[in-house]
1. Excluding Val147 itself, what net charge comes from residues whose Cβ is under 12 Å from its Cβ, given Lys and Arg +1 and Asp and Glu -1?
2. Heavy atoms only, probe 1.4 angstrom, no DNA, RNA or ligands counted: give me His61, His43 ranked by accessible area, highest first.
3. Ordering Arg124, Arg156 from largest to smallest accessible area (1.4 angstrom probe), what's the sequence?
4. Given a Förster radius of 30 Å and the C-beta distance between Ala175 and Gln97 as r, what FRET efficiency does 1/(1 + (r/R0)^6) yield to the nearest 0.05?
5. Given the whole protein assembly as supplied and a 1.4 Å probe, what does the accessible area of Cys177 come to in Å², nearest 10?
6. Assuming R0 = 35 Å, what is the FRET efficiency of Asp88 and Val303, from their Cβ-Cβ distance, to the nearest 0.05?
7. Most mobile of Val190, Val37, Val103 per a Gaussian network model of the chain (Cα springs, under 10 Å)?
8. Any idea how far the Cα center of region 130-190 sits from the one of region 240-256, in Å?
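The values are calculated or read from the model by the stated rules, or taken from the named source; none is laboratory data. Just so you know, these numbers come straight off a predicted model, no measurement behind them. Note that we place each Cβ from the backbone using ideal geometry, even for glycine, and neighbour counts take in every protein chain shown. Protein only, heavy atoms only, side chains kept; ligands, DNA and RNA dropped before computing areas. Shrake-Rupley method; radii C 1.70, N 1.55, O 1.52, S 1.80 Å.
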Amino acid sequence: ARGRTEAALRSAPASEFAGRRQMGDAVLVIGTYDGHVLAFAVHGDKEAGSMLAPILGIKAHQGSVRSVCASGRYAVSASSDETMSVFDLVKVVDLGQLYTDSVGNSVVAMHGGSHLVSGSDGGRVAIFRSSDWEQLTSMAAHPAGVVDIAIHPSGRLALSVGKEAQLYTWNLMRAKCVLKRPLSRPATAVRWSPSGTGCAVLSGNDVLVLDLTSDQVASTFAHSERVLAFDYLSDSLLVSGGEDKGLRLWDLSSAEGAPPLCVHADAHGSRIKAIVRLGEGLIASASTDGSLKLWRGGEQGLV
């Protein structure tokens, strides 16, 4: 099983992936350009290092995987073939496919394993209940299409960005958009900080950390080339990567224009497509060259 799964990962570079933590271990769920969905358990050991153990490897879609998410016992993938597949990571089975009333599933997100939130190219946000996978509601959102969704650690709020320059805040308990913040330019990704007290968006060559009280940009982390992925390592540290194949660790408390704490210039052999936080001090990065790497980090750097 290990050989088959790893071969699929190497032959089909990762297009999207996500992580979750449960019972002390992290789980990585990976979507590939040729429609495979892979899952690995990450066993953290300070002496032996973090080790990957295959859980799932399946050809789930005819098109490329655009987004994946994992929470509780479930993982969900959204594909360019306009289907969403649901997987039980405990029983290790494919539970089937979900459909929405909008075209082009672009992003999926979960929290707590109880509900799924999806966004579409048609500009709608839908909420599903995982107990029976019924669609509870579908809401008009970004007119030009939903690009990314991030659920607050409490599970009560969510942020979304679309192809227009706006950041939406959603009250998931009421299934309603409660605030629209203008952005200087369209964003391609959004993340909450681990504590949920801050957030950041990715736009072109910059990662913008937002001040939620003033609706202003608190910090701008500029890059020489396009950034494709980022995530918080902790409330005070952020990791980014993209076209230049390098990983950068940023201190959120540093002065505007300060250089990163460290740079891994050749973290991967090709552009970095995805970064996900697995827990305090542990992240994973994936590249279009088919490689997946785990990193431990802190104020001293990434290793």
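1. Local charge sum for Val147: -1.
2. Solvent-accessible surface, decreasing: His43, His61.
3. From most accessible down to least: Arg156, Arg124.
4. Step by step, r from the Cβ atoms, then E = 0.85.
5. 40 Å²
6. For Asp88 and Val303, the calculated efficiency is 0.55.
7. Maximum fluctuation in the GNM of the chain, among the listed residues, is at Val103.
8. Region 130-190 and region 240-256 have Cα centres spaced 25 Å from each other.
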